[in-house]
Amino acid sequence: YAFQISKLELSGDRQVNLKVKQILSSYSNPKIAIENRKIFELKISSDSEKTITTKNVSGDATKFKNEITLKVQVSMDGITKAYFSVTENFIYNNNSNTSELRTYENRIKNNLTETAVDKITLKLALIK
């Protein structure tokens with residue numbers, strides 16, 4: 001995409017922010033010079049929420065939903081050009097092995113973040 005990120009401010013969920021920063025870092029120091037490149041300043045607020053979606057008859061959780069939301073403010077030369085939100089979620093079964101469940105949830109969170117950032121970069125490319 002023909003844009004560069006000159007400033008990236010992140011707030012909210014630490015794990016999500018680390019993944020966002022990792023993915024978007026390639027846009028902060030582009031290797032190829034492109035004429036008429038759009039230069040953006042981004043403020044991204046992230047939120048991650050895990051909720052129980054289904055319980056069995058004894059009240060134990062059987063399914064969870066993990067949802068991440070990224071609220072993005074896009075500025076160019078100090079002027080706000082766009083404000084949008086991207087939400088991704090995934091529903092999954094509970095696992096009696098809490099260690100495996102935690103590992104699986106971390107993978108889900110990273111995958112949801114990657115998908116959300118892909119949508120953000122697409123929206124950035126479309127800003128005039």
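Just name one of Asn110, Leu8, Asn89: the one whose Cα is farthest towards the positive end of the charge dipole of the chain (beta-carbon charges, Lys/Arg +1, Asp/Glu -1). Toward the positive end, the furthest listed residue is Leu8. Counting only protein chain heavy atoms and rolling a 1.4 Å probe, the accessible areas of Asp77, Asp13, Asp47 rank, largest first, as Asp77, Asp47, Asp13. Net charge in the neighbourhood of Arg102 (other residues with Cβ under 14 Å of its Cβ; Lys, Arg +1, Asp, Glu -1) is +1. Partner lysines whose Cα lies under 24 Å from the Cα of Lys63, excluding those fewer than 8 positions away in the same chain, are identified as Lys50, Lys55, Lys109. Ratio of Rg to Rh for the chain: 1.09 [Cα atoms; Kirkwood radius as inverse mean 1/r over pairs]. Of all lysines in the structure, the ones whose alpha carbon falls short of 24 Å from that of Lys38, not counting any fewer than 8 places away in one chain, are Lys7, Lys19, Lys21, Lys71, Lys81, Lys119, Lys123, Lys128. Within the full protein context, the accessible area of Lys81 is estimated at about 110 Å² for a probe radius of 1.4 Å. If you wrap the Cα atoms of the stretch 54-128 in a convex hull and average its projected area over all directions, you get 6.3 nm².
The values are calculated or read from the model by the stated rules, or taken from the named source; none is laboratory data. These figures come from a predicted structure and were not determined experimentally. Counting neighbours? That spans all protein chains shown, and the Cβs are built from the backbone with ideal geometry, glycine included. SASA here: full protein model, heavy atoms, side chains in, ligands and nucleic acids out. Shrake-Rupley method; radii C 1.70, N 1.55, O 1.52, S 1.80 Å.
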